[in-house]
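A short worksheet on the structure shown next.
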Amino acid sequence: MTTTDDQQAWVRRYGTAAPDAELPRNAVLDLLYRHRSVRRFVPGEIDDATVTAIVAAAQSASTSSNLQAWSVVEVRDPDRLDALAHLAGDQDFIRRGGVFLVFVADWARAAELARRIGEPAEAVGYIESTLVGFVDAALAAQNAVVAAESLGLGAVYVGSVRNNPERIADLLELPDGAFPAFGVVLGHPDPADPAGVKPRLPQGVVRHREVYRLPDADAVARYDRAVTEYYRTQGEPRGWLRGAIARVRDAASLHGRHTMRASLERRGLSSR
């Protein structure tokens, strides 16, 4: 990257100077580098045609063996949005966005098709099927978010859908074999929102050449300083390292999600 815009995009994404080598650049890469989570929205409808295009982009994502083991539930009803917000950490931006998309790891559809012709669906109960459903949902959702951002919308993932997955499944009337994986709020970004592009780990920490290597302590420390500086601009006194360590310390860090296996089993995904 040689232009000022290129350098600024790199600095925003990594919190460090751009590499000396000139990197490829196009509109798609620029859009991806600018991604940020948007949690502040201004009022405004998102019309059905726009959501249709976004879901088409989601369905254009890769999928294991073309099984398409995912679904998405589009929620706009204010009462249902309020209930979902309450169950997903009581986060008000769920209520204020234009639409809430709940992505579902979905083996109910394939199991029903098997049932209709008198075939069993035993493989749904294995952990490989659970993984495929969640991976397919994640790939589809990422396409949806990129599509939404390309249309000028903002988006934020909502993992706290898994705080109360069984109650959310009931609220959305999901059948056995369909499990809420996460949500995505779409809306019109508030131009006054100060949130920016959050720095990511340096490539030397996540990009392994030929074989895996544990992270270099100095590289992690530099990254922690970059994140600390970012959060300072947001008025938050925190960095990255302590949060990452806290997340793996014990079951309490899972915020109630340590019971996920039991929830999966009760919802028809025994994951054995």
Every residue in the range 1-43 that is among the hydroxyl-bearing types (Ser, Thr, Tyr) and either in a loop (DSSP other than H, G, I, E, B) or at pLDDT 95 or above (or both), please.
THR2, THR3, THR16, SER37
Check PRO175 against each of (1) out of contact with any Asp or Glu (no Cβ under 9 Å at 6 or more places or on another chain); (2) at negative phi; (3) not small (Gly, Ala, Ser) and name the one condition it does not meet.
(1)
Enumerated helices (runs of 4 or more DSSP H) restricted to the range 44-155, each holding at least 3 residues that are closer than 18 Å to LEU174 by Cα and assigned by TED's automatic domain parsing to the domain that holds LEU254
78-87, 108-116, 127-150
Considering (1) hydroxyl-bearing (Ser, Thr, Tyr); (2) surrounded by 14 or more Cβ atoms within 10 Å (Cβ to Cβ); (3) modelled with pLDDT of 95 or more, say which one THR52 fails and leave the rest.
(2)
For the range 165-177, pairs from a residue that is farther than 13 Å from TRP70 by Cα and touching a residue at least 12 places away in the same chain (Cβ under 8 Å) to a residue that is in a helix (DSSP H, G or I) and of a type in the set (Asp, Glu), with Cβ under 6 Å and 6 or more apart or across chains, are none
Identify the residue in the range 236-272 that is of a type in the set (A, V, I, L, M) and touching a residue at least 60 places away in the same chain (Cβ under 8 Å) and, among all such residues, is nearest to VAL158 (Cα to Cα).
MET260
Is it true that some residue in the range 203-211 is touching an Asp or Glu at 6+ places or on another chain (Cβ under 8 Å), over 30 Å from GLN68 (Cβ atoms) and assigned to a helix (DSSP H, G or I)?
yes
Mind checking whether some residue in the range 246-256 is under 30 Å from ALA123 (Cα atoms), of a type outside the set (Asp, Glu), crowded, with 18+ Cβ neighbours inside 10 Å and assigned by TED's automatic domain parsing to the domain that holds ALA123?
no
Name the pairs: first residue in the range 13-34 and over 22 Å from TYR223 (Cα atoms), second residue in a loop (DSSP other than H, G, I, E, B) and of a type outside the set (Phe, Trp, Tyr), Cβ to Cβ under 6 Å, at least 6 apart or on different chains?
GLU22/THR2
Filtered residue count, the range 212-242, keeping only those that are in a helix (DSSP H, G or I) and of a type outside the set (S, T, N, Q)
17
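The values are calculated or read from the model by the stated rules, or taken from the named source; none is laboratory data. Bear in mind the structure is a predicted one, so any value in this text is a computation, not a measurement. Please note: Cβ atoms are built from the backbone with ideal geometry, for glycine as well, and neighbour counts cover all protein chains shown.
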